[in-house]
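Notes to accompany the following structure.
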Amino acid sequence: MRRAETPQEIAHTRTVRAETVLTGRVDLRGYPHRHLAVVSHNTHAAALMEAMASAEHLSQWGWELVNMSNVGGTTTIMCAVMRRTG
């Protein structure tokens with residue numbers, strides 16, 4: 001398991017790993033931006049499922065899915081772009 005990103009890193013890069021979201025190692029209440037990219041690095045099917053599960057999890061906390069796509073033409077990196085609704 002990788003270390004969790006700090007709130008400062010997440011705010012600076014505007015990204016968070018799906019693994020961090022799904023393991024509950026992130027608190028986005030202080031996140032200063034409206035949009036956030038949730039990135040999953042995995043095999044194709046697992047990356048898609050992990051990104052979708054993260055989007056579903058964040059929807060409980062006032063975030064909505066804007067778009068989902070693979071990154072850089074690879075099927076092993078999926079990105080869910082989220083928007084804060086509140």
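Answer yes or no: is there a residue in region 51-63 that is in a strand (DSSP E or B), surrounded by fewer than 17 Cβ atoms within 10 Å (Cβ to Cβ) and among the small types (G, A, S). Looking for residues that are in a strand (DSSP E or B), surrounded by fewer than 17 Cβ atoms within 10 Å (Cβ to Cβ) and among the small types (G, A, S), one finds none in region 51-63, hence no. Among the residues of region 24-50, just one is farther than 17 Å from G72 by Cα, open to solvent by 30 Å² or more (accessible area, probe 1.4 Å) and part of a strand (DSSP E or B), namely H35.
Taking the criterion of being touching an Asp or Glu at 6+ places or on another chain (Cβ under 6 Å) and either crowded, with 16+ Cβ neighbours inside 10 Å or closer than 23 Å to Q8 by Cβ (or both), the only residue of region 64-85 that qualifies is R83. Find all pairs meeting these conditions: Cβ atoms under 9 angstrom apart; at least six residues apart or on different chains; first residue within region 1-30 and at pLDDT below 90; second residue small (G, A, S) and open to solvent by 50 Å² or more (accessible area, probe 1.4 Å). Qualifying pairs under 9 Å: P7/G30.
The values are calculated or read from the model by the stated rules, or taken from the named source; none is laboratory data. Keep in mind that this is a model prediction, so the values were computed, not measured. Backbone-built Cβ (ideal geometry, glycine too); neighbour counts: all protein chains shown. Only protein heavy atoms, including side chains, enter the accessible area calculation; ligands, DNA and RNA are left aside. Shrake-Rupley method; radii C 1.70, N 1.55, O 1.52, S 1.80 Å.
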